[in-house]
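Since the structure comes first, as structure tokens, the remarks are kept for the end.
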Amino acid sequence: MQEATESKSRARRSGGRAARKALRSSPVAESDRSIRPGMPGGTYKPLSDASIERIHRAALQALETIGLSGAPASGIEILTGAGAMLGDDGRLRFPAALVEDALAMAARDITLHARDPKFDLNLSGTNTHFGTAGAAVHLVDVETNSYRESTAQDLHDAARITQALDNIHFFQRPMVCRDIPDNLDMDLNTIYGAVAGTTKHIGTSFSDPSHVEKCFELIYMLAGGEAAYRERPFISNSNCFVVPPMTFATESCETMEACIRGGMPILLLSAGMAGATAPSTIAGAITQGVAECLAGLVYVNAIAPGHPAIMGTWPFGLDLRTGAMSIGSGEQALLTAGCAQMHQFYGLPGGAAAGASDSKLPDMQAGWEQMCSNVMAGLSGVNMVYEAAGMHASLLGFCHESLILGEDLIGQALRCVRGIEVDDETLALDQMAEVCLGGPGHYLGTDRTLARMESDFVYPRLGNRMSPKEWAEAGKPMLLENATAKKKAILANAPNLVSPEIDAAVRAKFNIVI
């Protein structure tokens, strides 16, 4: 009798396992996925309402009494024409009423378009998206544990990898093409390498304002014409329009003006270093970043009211013992979460940095640093989480394998963002009764467990959940080795996503090295 009972129990477990494998082998509809781009965050709120109001008032006071220096002549004309005051000290000061007027006309609920509409990003409310960004000058080689200068091909490969990863929602240039000495050619190849690698939304920068016109020629060609690009601008400008503290970056402002005229969305990026180029306190660094981005918002809307712009408060942490950046710290995670609340206070689309590591390699330190800030950014509801995967060495190095591992890490972060649904079905009282009162005594293999297997749970693509015995029998697979193997498989099969006709026309006109 006991043997028969054990046999039936084993059969039930085996049947449940077979059913789960069969279910997982079938494709999952997008609507049934447990996670997806744009899931709303906003449940984590490190700032109280009173603290948010104090930061807002302090930012307005800073703009009205301190102001910003360094604006180009064109910017001075634009901003004074809108109502800013130019002092004898050369600083532009912003009356509170001018800032409030800009906030009233600023674009909200914007969409960052992609060449493939299924990758469009809706930046409303607390919708959260994760992607790449940065200006790393090195590529991390995990096979030799070494760094080398990053190349145009490395950037193109990062775009191709991004295209293959569901949880990397956009591709902003993460590294610099150090193998191209001419800066205009570098800017052109950055754009081409990104577009040829992914149909997701792309962010890029320009080395000099004089390059913008030529780069727009390329962008319009890739889009199929200027009108097509303006209708669906799939490339945005990541613009460091300020050099903190409270100084406009003259050439970047000129670039921004040209990009607005060309129909390009703007990421207003303020990247102060807490303790160096921003106050050392978390509240002070957030306040300065907010003030600088509000000045940028006035600037953008004085040129083109309602032009799509993202409030890119990116204050970074600093290790005051050494002066080194602490991008992987808890303080960094709090800076980003606090900035998210300020974006939401203004009702503006916002972006901030999270997911980068101070570690030189994709190791345990990288894991805890990347997960800490990504989870907090997601829970706080940052619309655009930049530098969320692949970044190492305090933004100096980018790693393809780490980008691939970010697929798993961000997947788990997104599951935390989704949270816990409580309703009659998820409380599962009826299931408890079925299982416990004359049922099998467990939930493995039941219809409703299987039905929710894909919609409730996130499973790692490379993370290993084998038992030690299974792991040994499988040849003891190692995480980084598997990531390298996946990288090679993706790159071996990733096509050029620019049509042959446009590719030929582009290469005939521009010096494309990829």
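Of the residues making up the range 192-240, those that are open to solvent by 20 Å² or more (accessible area, probe 1.4 Å), under 19 Å from V498 (Cβ atoms) and under 22 Å from the mean Cα position of the chain (by Cα) are T199, R232. Note down all Cβ pairs under 8 Å where the first residue falls in the range 494-514 and is more than 20 Å from L184 (Cβ to Cβ), the second is among the basic types (K, R) and open to solvent by less than 80 Å² (accessible area, probe 1.4 Å), and they're at least six residues apart or on different chains. From the range 494-514, the pairs are A494/R160; L497/R115. Residues of the range 77-91 that are assigned to a helix (DSSP H, G or I) and either among the small types (G, A, S) or within 32 Å of the chain's Cα centre (by Cα) (or both): I78, L79, G81, A82. Of all residues in the range 407-438, those being open to solvent by less than 50 Å² (accessible area, probe 1.4 Å) and touching a helix residue (DSSP H, G or I) at 6+ places or on another chain (Cβ under 7 Å) number 6. The lone criterion from (1) surrounded by fewer than 24 Cβ atoms within 10 Å (Cβ to Cβ); (2) under 21 Å from R230 (Cα atoms); (3) out of contact with any His (no Cβ under 8 Å at 6 or more places or on another chain) left unmet by A283 is number (2). Scanning the range 329-349 for residues that are surrounded by fewer than 24 Cβ atoms within 10 Å (Cβ to Cβ) and outside any helix (DSSP H, G or I) yields S329, G347, L348. Exactly one residue out of M371, M364 is surrounded by fewer than 24 Cβ atoms within 10 Å (Cβ to Cβ) and either closer than 23 Å to A276 by Cα or without any contact (Cβ under 8 Å) to a residue 40 or more places away in the chain (or both): that is M364.
None of G284, G312 is closer than 23 Å to E331 by Cβ, outside any loop (DSSP other than H, G, I, E, B) and within 19 Å of the chain's Cα centre (by Cα) except G312.
Considering only residues in the range 479-496 that are in a loop (DSSP other than H, G, I, E, B) and open to solvent by 50 Å² or more (accessible area, probe 1.4 Å), the one that is farthest from A223 (Cα to Cα) turns out to be P495. Restricting attention to the range 449-494 and to residues that are among the β-branched types (V, I, T) and under 25 Å from the mean Cα position of the chain (by Cα), the residue that is nearest to V28 (Cα to Cα) turns out to be V458.
The values are calculated or read from the model by the stated rules, or taken from the named source; none is laboratory data. Just so it is clear, the model here is predicted, and its values are computed rather than measured. Backbone-built Cβ (ideal geometry, glycine too); neighbour counts: all protein chains shown. Accessible surface is based on the protein model in full, side chains and every heavy atom, while ligands, DNA and RNA are left aside. Shrake-Rupley method; radii C 1.70, N 1.55, O 1.52, S 1.80 Å.
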